[in-house]
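To start, the structure itself, in structure tokens.
The values are calculated or read from the model by the stated rules, or taken from the named source; none is laboratory data. Predicted model only: the values in this text are computed from it and were never measured. Note: ideal-geometry Cβ built from the backbone for every residue, glycine included; neighbour counts use all protein chains shown.
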Amino acid sequence: MRLPAAALLCLTACVSAHADPDLLPGDPAIVYPAAGSSRAYLFQYGSLHTTRANQSGENQLIAATQIGTDNLAEVIQAGVDNAFLARQEGTGNRIQAIQEGAYNRIDITQWGEANVAEIEQVGGSHSVVLEQQGVGQAVRIRQW
């Protein structure tokens, strides 16, 4: 699948959070929040994916697409009205997400192989939308 030119521009122009400048191709994506509201759009194609993100504040967004082999996304968000959107296709398909605060949401699609999603939302008025297709299809959601 080829990305449209506008999506490729988002890799540099739309990200107000920044990734570690010392990362090499094939290394994991680690996102650090910028001051204020941050948006991170991550596209990983290939082999051993890892995305780790930690955001706090209001209106934060992590949108991660991982297509290929190992597919790990670990996200922590604290605050109000934050969103974590993830699409994983391929072999490993693992997501661990923690959100604290209020009005936070998680939207996950996992296709192929292991399909594990562990979600914890602390506070009120949170939402989770989850679709899994493939082999493993394991889910743990804790909202309190």
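Couple of notes before you dig in:
- Residue 73 vs. criteria within 21 Å of residue 125 (Cα to Cα), in contact with a strand residue (DSSP E or B) (Cβ under 9 Å, 6 or more places away or on another chain) and part of a strand (DSSP E or B): no
- So residue 40, is it part of a strand (DSSP E or B) and modelled with pLDDT of 90 or more: no
- Residue within the range 115-136 that is at pLDDT 95 or above, hydroxyl-bearing (Ser, Thr, Tyr), surrounded by fewer than 15 Cβ atoms within 10 Å (Cβ to Cβ) and under 19 Å from residue 85 (Cβ atoms) present: yes
- Selection count, the range 116-136, where residues are free of Cβ contacts under 8 Å to residues at least 24 places away in the same chain and part of a loop (DSSP other than H, G, I, E, B): 2
- A search for C-beta distances below 7 Å between a residue of the range 60-75 that is surrounded by fewer than 24 Cβ atoms within 10 Å (Cβ to Cβ) and any residue that is among the small types (Gly, Ala, Ser) and outside any strand (DSSP E or B), counting only pairs 6+ apart in sequence or on different chains, returns 68/47; 69/47; 69/92; 70/47; 70/92; 72/92.
- Hey, residue 8 more than 22 Å from residue 122 (Cβ to Cβ), outside any strand (DSSP E or B) and either at pLDDT below 95 or of a type in the set (Asp, Glu) (or both) or not: yes
- Test for residue 110: is it of a type in the set (S, T, N, Q), surrounded by 23 or more Cβ atoms within 10 Å (Cβ to Cβ), closer than 20 Å to residue 143 by Cβ and touching a Ser or Thr at 6+ places or on another chain (Cβ under 8 Å): no
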